[in-house]
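FYI, it's all coordinate maths here, none of it is from the lab. These figures come from a predicted structure and were not determined experimentally. Neighbour counts run over all protein chains shown; Cβ positions are idealised from the backbone, glycine included.
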Amino acid sequence: MKKLSLLVGTLGGAMAGYLFSNKKLRDDLANAKDPEAAAKLLGAHLQRDGKKLAKQVRDFVESDEVQSNLKKAKKYAQQKALEAKAELETMISKEAKRAGVAAQKGMRTAKKKAKAMRPSVRKLS
């Protein structure tokens, strides 16, 4: 539920910002005859401005600067992934050695305990 309220709040803030920044839309909404006319006006403005915004976003993403930064980010992410993999392999090998040493120590201890627990059997001759 928290995500839904955050989404509604974000959309409300975006709509308020859109209304405050668009004088023509404010004037048109003030002169609307009824709520249906206001909704149609708002829809028309959003559709027209949405197309402009989408074109601007596409142009921005396709710009050389953004593409260059995306390549840098991809290279950085790959480098960090390789570093993390190497660190993980090192950690696993260290822990494997420690586990082997612990297993050997456990075997020696178990043999000693087993030897101590054997009942001494006397021969009856």
Dimensions (Å) - segment 1-50, Cα atoms, principal axes, largest first:
36, 21, 17
Helix axis angle, 35-62 relative to the chain longest principal axis, alpha carbon, degrees
60
Assertion target for Tyr18, Tyr76, ordered by fewest C-beta neighbours within 10 angstrom first, is Tyr76, Tyr18
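Looking at segment 9-41, which trypsin sites (Lys or Arg not before Pro) are in a loop (DSSP not H, G, I, E or B) and have at most 11 other Cβ atoms within 10 Å?
Lys33
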In degrees from 0 to 90, rounded to the nearest 10, what is the angle of the helix 64-117 Cα long axis to the longest principal axis of the chain?
20
What is the percent of Cα-Cα separations in segment 67-113 that go past 11 Å?
72
Filter on Lys72/Lys94; Lys52/Lys80; Lys33/Lys55; Lys74/Lys97; Lys24/Lys51 - keep pairs with C-alpha separation over 28 Å:
Lys72/Lys94; Lys52/Lys80; Lys33/Lys55; Lys74/Lys97
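Tell me the Kirkwood radius of the chain: reciprocal of the mean inverse pair distance over distinct alpha-carbon atoms, in Å. Don't skip to the end; give the middle numbers.
On the way: mean 1/r = 0.0437 Å⁻¹.
Its Kirkwood hydrodynamic radius stands at 22.9 Å.
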